Amino acid sequence: MMSHPLYPKLRHLKLSGMLQTLDLRVAQTVDQQLAPLEFLALLLDDELERRRQQAQVLRLAQSGCDCNKTLAHFDFLAAPGINRALIQDLASCLFIQRHENLLMCGPTGVGKSHIANAIAIEAIKHNFKVIAKTTHRLLNELQTSRANGTYHRLINRILACDLLVLDDFGLQSVLPQASQDLYEIISERYEQGSIIITSNRTFEEWGDIFANDLLSSAALDRLTHHAHTLIIRGDSFRQRNRRKEQIIQDILPDSN
């Protein structure tokens, strides 16, 4: 490819990716007797698609999402309590365009984090900027950023993204400074950007997460104003898998 006579010119114009499909499009043009403008349009479409895919890969890498936890990998049959139609509707990402939130609660292992991650990946596919982290990790990173001088850059990135995923909300205790940071994030993103929250705690317990009653009331009021709520019930996927494995071990004869 680098020996192609057009390579230096395309590289100078930052269009070297066109070489990947150039021969294919030339053959197609000859075979279908396309006009020069049609040939050029095909090449430009290829370049635009290549850049779109590269941008998507970069957004995914920067998001913190797990690329293996998608809707295609979620077993809805094993989670009959989950409204599949609602999840599919949320995956269209229209709620992000409307700056709405998604709040999920339920016991450990019922698929909350997987669903949140899967919707976040769909958002990336729709060209939205996403940050996905556990709540405790995000707050720790903010605390660390104060010490190394990167706080303003980090908080601005958190506030500017289209979708912020806070996993395991309330799983660990929150110190006063972290509580203030959490309130600021929720307050500044109110009607400006969407938040997905997953928590093992019931909605009634969320107020206890904040170290200050006033912060708690103000934060939850903003979180729930434009929000979809989802309560997931059922047994843990992990516990069910362990029981299945144990049953299989009990059924299979001893290899010895």
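The values are calculated or read from the model by the stated rules, or taken from the named source; none is laboratory data. Remember, it's a predicted structure, so these values are computed and weren't measured experimentally. Every residue, glycine as well, gets a Cβ built from its backbone with ideal geometry; the counts of neighbours run over all protein chains shown.
Scanning segment 153-195 for residues that are surrounded by fewer than 21 Cβ atoms within 10 Å (Cβ to Cβ) and polar (S, T, N, Q), we see that the one that is farthest from ARG137 (Cα to Cα) is GLN192.
Among the residues making up segment 159-174, those that are in contact with a strand residue (DSSP E or B) (Cβ under 6 Å, 6 or more places away or on another chain), farther than 19 Å from GLN97 by Cα and either of a type outside the set (D, E, K, R) or not assigned by TED's automatic domain parsing to the domain that holds MET104 (or both) are PHE169, GLY170.
Can we say SER16 is exposed (fewer than 11 other Cβ atoms within 10 Å of the Cβ), at pLDDT below 95 and over 30 Å from ILE195 (Cα atoms)? In short, no.
Set side by side, the residues ASP46, ASP66 differ, and just one is surrounded by 13 or more Cβ atoms within 10 Å (Cβ to Cβ), farther than 17 Å from ALA123 by Cβ and in contact with a helix residue (DSSP H, G or I) (Cβ under 6 Å, 6 or more places away or on another chain), which is ASP46.
Screening the candidates ILE115, ILE82 for the property of being closer than 30 Å to PHE169 by Cβ, in the same structural domain as ASN200 (by TED's automatic domain parsing) and assigned to a helix (DSSP H, G or I) yields one hit, ILE115. None of LEU142, LEU77, LEU94, LEU103 is of a type in the set (A, V, I, L, M, F, W, C), under 26 Å from ARG157 (Cβ atoms), surrounded by fewer than 22 Cβ atoms within 10 Å (Cβ to Cβ) and free of Cβ contacts under 8 Å to residues at least 12 places away in the same chain except LEU94. Scanning segment 94-112 for residues that are part of a loop (DSSP other than H, G, I, E, B) and either modelled with pLDDT under 95 or in contact with a helix residue (DSSP H, G or I) (Cβ under 7 Å, 6 or more places away or on another chain) (or both) gives GLY106, PRO107, THR108, GLY109, VAL110, GLY111. The listed residues are THR29, THR21, and the only one of them that is touching a residue at least 24 places away in the same chain (Cβ under 8 Å), more than 30 Å from ALA118 (Cα to Cα), part of a helix (DSSP H, G or I) and not basic (Lys, Arg) turns out to be THR21.
Residue pairs whose Cβ atoms lie under 6 Å apart, sitting 6 or more positions apart in sequence or on different chains, and linking a residue in segment 198-227 that is under 18 Å from LEU138 (Cα atoms) to a partner that is of a type in the set (D, E, K, R) and assigned to a helix (DSSP H, G or I), are THR198/LYS112. Please tell me if ALA132 is in a helix (DSSP H, G or I) and either farther than 20 Å from PHE210 by Cα or in contact with a strand residue (DSSP E or B) (Cβ under 9 Å, 6 or more places away or on another chain) (or both). When the stated conditions are applied, ALA132 does not pass them. Report whether or not LYS9 is in a loop (DSSP other than H, G, I, E, B), of a type outside the set (Val, Ile, Thr) and exposed (fewer than 12 other Cβ atoms within 10 Å of the Cβ). Criteria not met by LYS9. Taking the residues in segment 198-247 that are among the hydrophobic types (A, V, I, L, M, F, W, C) and in a strand (DSSP E or B) as candidates, determine which candidate is modelled with the highest pLDDT. It comes out as ALA227. Annotation: LEU71 fulfils all but one of (1) surrounded by 15 or more Cβ atoms within 10 Å (Cβ to Cβ); (2) outside the structural domain of ALA120 (by TED's automatic domain parsing); (3) among the hydrophobic types (A, V, I, L, M, F, W, C); the unmet one is (2).
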